[in-house]
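Worksheet: one structure, shown below.
The values are calculated or read from the model by the stated rules, or taken from the named source; none is laboratory data. Model, not experiment: these values are computed from the prediction. Heads up, the Cβs are rebuilt from the backbone with ideal geometry, glycines too, and the neighbour counts pull from every protein chain shown.
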Amino acid sequence: MSNRETIKRLQSHFDSLAQNLPGEEIEFWFARDLQEPLGYTRWENFMAVLERSITSCKTTGYNPNDHFRGVTKMIALGKGAERAVADFMLTRYACYLIAQNGDPRKETIAFAQSYFAVQTRKQELIEDRMRLHARLEAREKLRESEKTLSQNIYERGVDDAGFARIRSKGDTALFGGHCTQAMKDKYGITQSRPLADFLPTLTIAAKNLATEMTNHNVSQEDLQGEIAITGEHIQNNQSVRGMLEQRGIKPETLPPEDDIKKLERRVKSEERKLIEQSGKLPA
């Protein structure tokens, strides 16, 4: 998301699309009204997202009929003609699920994931939720890239202990000579917890980039053994650090942030409240 003005513009647009049932305190949106703002030009593609969202609703133990209601709408064709088309009424929770199942690379999807998650019109709370989501997403990407690296190097003669050493030496390169344990001590992190769970989004993304580079080059150059892979991982972390330093950023000086596990619990709690506060579409 580029800036506050963009967020303000998108918020105003999504606010204008909200509907209310007469005599009911239930806010809802029409799917066809959201299709284009969410970045989908074809209804068929958007329907695929809707179907995934309905499945998500079922798997979480909630009745999709309470949140997704099929309706028929008349649309103007010109010269006074009309045509009936299928549509859906969506509660805020349904819209949230659609955003969660949408393409996160779309700017409006990234916004909608936070817009529908919070029961407020306050822009600063939406922005706070967007920052939280970005950090959680960055952490998940790092988990995946480290998992891939672990699998890659296991096939190349490196065991779990070797993977831990490789990762630690990569941290030492990224944090300007400060090893993983030194950074944990600085941040007051217990031995059993991963350092990345307390890093700011920028540093998590930096670690992920270096790890992805290592994954690529290990496969591309068919590197074998702990020594060769360690050297590769150190170089990649040094390169990423160099890029950050050019912009005046030293990862080891950035303050820690809240425990990711704590934030994940907060998101789950907010989701439960969202379901309750969204209400149910009347039968």
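Summary table below
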item: Which numbered condition GLU146 misses (of (1) closer than 18 Å to THR108 by Cα; (2) touching a Ser or Thr at 6+ places or on another chain (Cβ under 7 Å)); result: (1)
item: Criterion violated by MET130 - all others in (1) under 29 Å from GLN235 (Cβ atoms); (2) in a helix (DSSP H, G or I); (3) not basic (Lys, Arg) satisfied; result: (1)
item: Conditions (1) within 19 Å of ARG52 (Cβ to Cβ); (2) part of a helix (DSSP H, G or I); (3) among the acidic types (Asp, Glu); (4) touching a residue at least 40 places away in the same chain (Cβ under 8 Å): number failed by GLU140; result: (4)
item: Per-region count, segment 218-247, residues out of contact with any Leu (no Cβ under 7 Å at 6 or more places or on another chain) and either part of a helix (DSSP H, G or I) or within 17 Å of GLY177 (Cα to Cα) (or both); result: 20
item: Contacts under 9 angstrom Cβ, first residue in segment 70-94 being in the same structural domain as CYS57 (by TED's automatic domain parsing), partner modelled with pLDDT under 75 and not in a strand (DSSP E or B), 6 or more apart; result: ARG92/GLN119
item: Test for ALA112: is it surrounded by 13 or more Cβ atoms within 10 Å (Cβ to Cβ), touching a Cys at 6+ places or on another chain (Cβ under 9 Å) and either assigned to a loop (DSSP other than H, G, I, E, B) or touching a residue at least 60 places away in the same chain (Cβ under 8 Å) (or both); result: yes
item: Segment 27-42, subset part of a helix (DSSP H, G or I) and touching a residue at least 24 places away in the same chain (Cβ under 8 Å), residue farthest from the chain's Cα centre (by Cα); result: ARG32
item: Condition check for ALA206: modelled with pLDDT of 95 or more and either touching a strand residue (DSSP E or B) at 6+ places or on another chain (Cβ under 8 Å) or within 15 Å of ARG135 (Cα to Cα) (or both); result: yes
item: Number of positions in segment 255-270 that are in a loop (DSSP other than H, G, I, E, B) and surrounded by fewer than 14 Cβ atoms within 10 Å (Cβ to Cβ); result: 3
item: Pair list, Cβ under 6 Å, 6 or more apart: segment 195-207 residue under 15 Å from ASP185 (Cβ atoms), other residue of a type outside the set (Gly, Ala, Ser) and in a helix (DSSP H, G or I); result: LEU195/THR180; LEU195/MET183; LEU195/LYS184; PHE198/TYR187
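The rows are residues; the columns are (1) within 24 Å of ASN152 (Cα to Cα); (2) outside the structural domain of ARG143 (by TED's automatic domain parsing).
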site	(1), (2)
SER168	yes, no
HIS178	no, no
ARG193	yes, no
PRO251	no, no
ILE260	no, no
GLU276	no, yes
